[in-house]
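What follows is a single structure, written as structure tokens, with notes after it.
The values are calculated or read from the model by the stated rules, or taken from the named source; none is laboratory data. Predicted model only: the values in this text are computed from it and were never measured. Virtual Cβ from ideal backbone geometry, glycine too; neighbours counted across all protein chains shown.
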Amino acid sequence: MDAEFHNPYRGPRGQWLRGVFHCHCKEGSVCGSVPLAEAARLYRDIGADFLAVTDHNRVTELGAVEAATPELVFLQGFEHSQGLDLLFVGPSAAPLTGVPLREALAQSGPDMLTLVCHPRPNKDDDYWSRRKILAFDARPDGIEIFNGHYGTERLRARGCLPQYTDFWDELLTGGDRLWGFANDDFHDVADFNNAFNMVWAEARTAEAIVRAAKSGRFYATTGLLLKEFTEDRGCIAITLETGAVGRFVGPRGVIRAQAEGRHFDYTATDEAYVRFEAEGEAGKLFLQPLFRRLQRAAPSPRERSL
């Protein structure tokens, strides 16, 4: 049996598109302080390509802001906030806001991105757990591994945590193939641009962005950017735009290799998965995991004749 890895970055030609899948506005959420039109201008002015508006338990009307900000691709969505928070994002949002979470997940369909929000916002918090995720008949596509809202000075002073990679490794180690996202969870100006995703999409459309995200063709970041990524039968080569400390991480969150610079190489062996993360002056970066898969050896002449 030969070991190979499922590489989510293999796929059709595309382009890197920048954006967030978690944003609130003053009109749609009582917790939001910035009007949607102003928020859209902020994202446009930093060069974002897409924005998902995900107010609590409602789908906010986007017609006016789409017309006023054609530079952005808007995705409809909402944050299901009836006990446990989970994002539903798509080209158009199904009427699932009043449906119990279990049913909403089951009905979300292949065109809807589903994403666990801020799973461990406080130390030793069991807000989301693996048991709770596995209790659903349908699985979400991913989890937030970094939430910029919980990284603001105000919320850190209250003991909040923005990063949840330990929980991600717990899920991945258990065999749960969930992608890792970073969002600023925009409520206030202090949240803005604290985290975002770079999505490798076939086209600059809502449909293509959601399709790529559901397939794992993206990376999560707080500012550090990827320049190049290659992989061939587990031989991984990564180049970052700027220098950082980079780590290859395997099951149970064990660091398999670590180095400093812009170029990183690693050859995966028997790991069930391996993922790469880095941290430098420009911020943090999290690539999606490569999952090991076994391929049958070529059949013998006798087997081919059977």
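Observations on the structure shown:
- Any hit, region 118-130, residues being in a helix (DSSP H, G or I), more than 19 Å from Ser215 (Cα to Cα) and in contact with a strand residue (DSSP E or B) (Cβ under 8 Å, 6 or more places away or on another chain): no
- Scope region 228-265; condition within 20 Å of Asn7 (Cα to Cα) and among the polar types (S, T, N, Q); matching residues: Thr230, Thr239
- Within region 25-32, the presence of a residue that is in the same structural domain as Trp168 (by TED's automatic domain parsing), more than 17 Å from the chain's Cα centre (by Cα), part of a strand (DSSP E or B) and surrounded by 18 or more Cβ atoms within 10 Å (Cβ to Cβ) is excluded.
- The condition of being more than 28 Å from His149 (Cβ to Cβ), in contact (Cβ under 8 Å) with a residue 12 or more places away in the chain and surrounded by 15 or more Cβ atoms within 10 Å (Cβ to Cβ) holds for Phe248.
- Selection of region 33-57 for residues being surrounded by fewer than 19 Cβ atoms within 10 Å (Cβ to Cβ), at pLDDT 95 or above and in a loop (DSSP other than H, G, I, E, B) yields Pro35, Ile46, Gly47, Asn57.
- Matching option when the condition is touching a Phe, Trp or Tyr at 6+ places or on another chain (Cβ under 9 Å) and at pLDDT 95 or above, among Ala104, Ala135: Ala104
- Qualifying position, being among the aliphatic types (A, V, I, L, M) and in a helix (DSSP H, G or I), among Ile145, Ile133: Ile133
Residues checked against (1) in contact with a strand residue (DSSP E or B) (Cβ under 8 Å, 6 or more places away or on another chain); (2) over 24 Å from Ser29 (Cβ atoms); (3) touching a residue at least 60 places away in the same chain (Cβ under 8 Å):
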site	(1), (2), (3)
Ala135	no, yes, no
Arg158	no, no, no
Pro162	yes, no, no
Phe186	yes, no, yes
Asn194	no, no, no
